[in-house]
Amino acid sequence: MTNSIREIPLTESFLVIGSNTTENHPVIGSMIKNEVINKGKKLVVVDPRKIELAKHADVFLQIKPGTNVAILNGFAHVLIKENLYDKEFVKERCEGFDEMAKTLEKYTPEHVAKICGLDDPSKIVEAARIFAASKPMALYYCMGITQFKSGVNGVKCCANLQMLLGNLGIPGGGVNPLRGQNNVQGACDMGALNAVYPAYQPVANEENQKKFKEAWKTPLELSIKPGLTIVESLNAAIAGDVKALYVFGENPVMSDPNQHHVIEALEHAEFVVVQDIVLTETAALADVVLPGRAFIEKEGTASNTERRVQPMHKVVEPLKGTQDDWWIIMQIANRMGASWDYTCAKDIFEEVRKVTPSYAGITYERLEKELIQWPCPNEQHPGTQYLHKEKFNRGLGLMSAIEFTPPAEDVDPEYPMILTTGRILQHFHTGTMTRNSRILDEIAPEGFVELHSNDASNYNVSDGEVVSISTRRGSVRMKARVTDKPKPNVVFMPFHFVEAAANKLTIDALDPTCKIPEYKVCACKIEKVNA
Amino acid sequence: MNKIQLTIDGVEVTGTQGQTILEIARDNGFDIPTLCYHPSISKTGACRLCIVRVNGNMIKASCTEPAAEGAKIITEDAEIAGLRKGILEMLLAEGDHNCLYCEENGNCELQALCYRYGAENPAADFPKNKRQIDVTSSKGLRRNENRCVLCGRCVKACAEIQVQNVWQFDGRGSHACLTSDMFEKLGDSSCVQCGQCVQICPTGALSFQTVLGRGPEWELKKESSICIYCGVGCKIDFYTNKQGQLVKAIGNPDGPNKGHLCVKGRFGFDFVQGDKRITSPLIKRNGKFEEASWDEALDYVSKRFSEIKQASGPDSIMAFSSAKCTNEENYLMQKFMRAVVGTNNVDHCARL
Ligand code: SF4
Ligand code: SF4
Ligand code: SF4
């Protein structure tokens, strides 16, 4: 997030796009509801499903999955056409406006409504006017923006909109991605990414290579070639180029798109090590399984969606037979020639501070008594509540001309419906943790597919009946839940349930820049299963 | 902001214009008892326990009374203590407050206040209100309205923090009670089991299913951590009992969540102490996992990684790091791949 959770009360209007906030980030969802319901702030929701927030929205735009770029361009078009944008901000702080404006010309409300499958183009105008009238507007998004082949473009359009409105670098505004897991932010900050060292320092830069070689005192030449992403590495494993996989705290069999393909990759690899707390579907396919520790059995830090670094403490005694995860990695490293001598998580954090400029000023001691958000360059620095205050990292904010491109897989007579996936309130990701927590499993014990009542009657399916959902990649059976939540012709499935694994069905088409898979949309068909 | 000066129990204190007497008193360490007041919700001013003497003669509810410049406040004298005791005895009389079999024994603000003011058990023939007991319909919450003091905290917590508006007051006078969406059973309501109303309830009227049989409150130990589930990063105080079992999760007011949690943070911790955990390294031999010692497993893993690196180069090894693990662990994983294996093949599921 460019901005902070505690700024939510300062926001006058919200745009929530591609985020089912009340189920996936419920505490933030409640804070937004409080502003809207109890304090009369404005809310615009853009989503293929009639999610809970949609019920409280001033404008709800139920778009076809995969058409975010079009709707965001539509808002920008209206702001420019009606002269409602922040001319001073655009002039002083941004560049690329003219080119962007040219591209936006054709994104008239009528054109956009057609792409997005909306009946009433005037609602796009109404939404844009709300943003202009009720500032600051804060934009919140989640995987509903990024999990598309056009994901990076969606993010750029979010930035375009907020630059046009002058909503960046001010409290209560911002472009605010909601991170789906507790430490996605931190894992990225720490360089657990194929192309960057900690603090996003590119590996393909020789200076960085030199800097890290010195910091890490390694005899080895550090590679200057960016590595593989997860989905690419699975392809490489099938092709025989990747031979060993070290899977730490992940369950790709359940979480990655195209499950069949993942299993094939794991079977192809010569050697697979899984380090986890339970025998996940992925661990079952491993050659070696190393039992690590659960979050409340260890010390360390995590960085939340607003860049706030927080201490985690050992709440319970670790289970006998398990080891600290950092210790396990260190033991393997030392057996392969390293001579690391960390004695606790804090030793590692002290090293992190030295090589990660944005974390340099953060110490374990400070975290016990202060709220610190990175960047925090030195120990006197209070941390950064919101980004881009006086200028953007690159100087001027770059407005980009982005064209809408349709998702990889369109519907056809054989697969006439659109499948989209996501999470539900009670469960998390692949269910390894929540489905092994009694109360959560009792509240939501089984998977389902959400079907609009029109579609249900077309296929002669009633609530609770078993249907099969098939895509070009596979087929699963589960109970139908007939509601008015999804858009007609769109079905929704949560991906937590191994018995009805949504990722048997999803497609692994990737965004060309950031390689995110297109989970949120693919073509499918429904058949009633006669018991 | 304008500063104001006032005297509390003879001590000069400073506050900000617009603050209530209670807020300034608490900021300065004075202990005024309250029941309906809670800092995370709007003010009710109904229970009257927070009464104080203002400028010698007036008695005011300190939770709603704005502090005035130069005011002289007495937080307690004989008359006020007597009034408080009377209020508490009325509350005791109305319900069924038997700490002996209450799961919130030791974690009850009503109980603590009764001790403090020496409130007595009501006369046995006092007519009791019989109200809703519903300890099974909700998977996560228990409700025994005979222990309810109608303070309204739950109503406000659900309306202002979770913003679900499940709880409503119903009936009048001695028939006043709470309903959940007008349903008799909480399990039939629109409650999403965030547990905020339980966390904020001052009595045993609302409690968590997880605390049953897990030892008394005064034996519990508390330590904070961060929720594992989503990027909000809610700060949670976890309570464990003498046997080291997890008992409950309470939202910490200093976190980004300001004390709030969702159902996952509230109830999603059983897996840590569940029976699915692996407790020994496993090596697959002839298609079957066999338990191995740590040394054996670590030797084997490093030998295989080294062999593969030797034979096919560092880029033939790939690591998946984890967005569910700490910064320190993620840092070490990428350092291992880059500085020891010699490849940039490290990624995690940020994209997934
Ligand atoms: S249930 Fe608890 S919080 Fe709600 S009114 Fe009764 S005592 Fe107060
Ligand atoms: S648990 Fe949460 S949603 Fe349910 S009644 Fe209490 S505050 Fe409301
Ligand atoms: S308690 Fe709920 S909202 Fe808070 S971090 Fe956990 S999952 Fe997210």
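Computed quantities for the displayed model
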{"item": "Hz values of 3J(HN,Hα) by residue in the stretch A:340-345 - Karplus curve (6.51, -1.76, 1.60), Gly and Pro given as x", "result": "7, 9, 5, 10, 7, 4"}
{"item": "Set A:39/A:87; A:106/A:135; A:225/B:335 screened for pairs whose C-alpha atoms are more than 19 Å apart", "result": "A:39/A:87; A:106/A:135"}
{"item": "Prolate/oblate/rounded label for the stretch B:154-234 (Cα gyration tensor, a/c 1.5)", "result": "oblate"}
{"item": "Residue A:165 long-range amide H proximity, modeled H, under 5 Å", "result": "A:86"}
{"item": "Helical mean residue ellipticity (222 nm; -39500 (n - 2.57) per DSSP H run of 4+; nearest 500) of chain B", "result": "-6000 deg cm²/dmol"}
{"item": "Loop-located trypsin sites (Lys or Arg not before Pro) in the stretch A:273-365 whose Cβ has at most 12 other Cβ within 10 Å (DSSP)", "result": "A:320"}
{"item": "Inter-chain shielding of A:29-42 (mean C-beta neighbours from other protein chains, 10 Å cut-off)", "result": "3"}
{"item": "Mean accessible surface per residue for the stretch B:162-273, computed with a 1.4 Å probe while every protein chain stays in place, in Å²", "result": "37 Å²"}
{"item": "The stretch B:204-262, relative contact order [Cα under 8 Å, separation at least 6], %", "result": "28 percent"}
{"item": "Vicinal HN-Hα couplings computed from phi for the stretch A:385-398 (Karplus, 6.51 cos²θ - 1.76 cosθ + 1.60; Hz; Gly/Pro x)", "result": "6, 9, 8, 6, 4, 9, 8, 7, 3, 8, x, 8, x, 8"}
{"item": "Probe 1.4 Å, accessible area per residue of the stretch A:240-296, Å²", "result": "23 Å²"}
{"item": "Average accessible area per residue (Å²) across the stretch B:1-101 - probe 1.4 Å, nucleic acids and ligands excluded", "result": "49 Å²"}
{"item": "Gyration tensor (alpha-carbon) shape descriptor, the stretch B:278-352, a/c threshold 1.5", "result": "oblate"}
{"item": "Anisotropy class of chain A from Cα gyration tensor, a/c 1.5 cut", "result": "oblate"}
{"item": "Eligible aspartates and glutamates near residue A:243 by straight Cα distance, threshold 18 Å, same-chain separation 8 or greater", "result": "A:232, A:264, A:267, A:270, A:287, B:307, B:315, B:347"}
{"item": "Share of carbon and sulfur in the accessible heavy-atom surface of the protein assembly as shown [1.4 Å probe, %]", "result": "50 percent"}
{"item": "Cα long-axis angle, helix B:78-94 against chain B (0 to 90 degrees, to the nearest 10)", "result": "70 degrees"}
{"item": "For residue B:322, distant residues with modelled amide H under 5 Å away", "result": "none"}
{"item": "Between helix B:294-312 and chain B: long-axis angle, C-alpha atoms, 0 to 90°, nearest 10", "result": "50 degrees"}
{"item": "Per-residue [θ]222 nm for chain A (sum of -39500 (n - 2.57) over DSSP H runs n ≥ 4, rounded to 500)", "result": "-8500 deg cm²/dmol"}
{"item": "Shielding by other protein chains, A:301-314, mean Cβ within 10 Å", "result": "6"}
{"item": "Cα Rg, Dmax (largest Cα-Cα span) when computed across chain B, Å", "result": "27.3, 91"}
{"item": "Sequence-distant lysines (8 or more away, or on other chains) whose Cα lies within less than 19 Å of residue B:248", "result": "A:298, A:314, B:139, B:221, B:222, B:235, B:258, B:264"}
{"item": "For residue B:132, distant residues with modelled amide H under 5 Å away", "result": "B:145"}
{"item": "Chain A, relative contact order [Cα under 8 Å, separation at least 6], %", "result": "17 percent"}
{"item": "B versus A: buried accessible surface, summed, Å² (probe 1.4 Å, to nearest 100)", "result": "11100 Å²"}
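The values are calculated or read from the model by the stated rules, or taken from the named source; none is laboratory data. Given the structure is predicted, the values throughout are model-derived calculations rather than measurements. No Cβ is skipped: glycine too gets one built from the backbone with ideal geometry, and neighbour counts run over all protein chains shown. All accessible areas refer to the heavy atoms of the entire protein, side chains included, with ligands and DNA or RNA removed. Shrake-Rupley method; radii C 1.70, N 1.55, O 1.52, S 1.80 Å.
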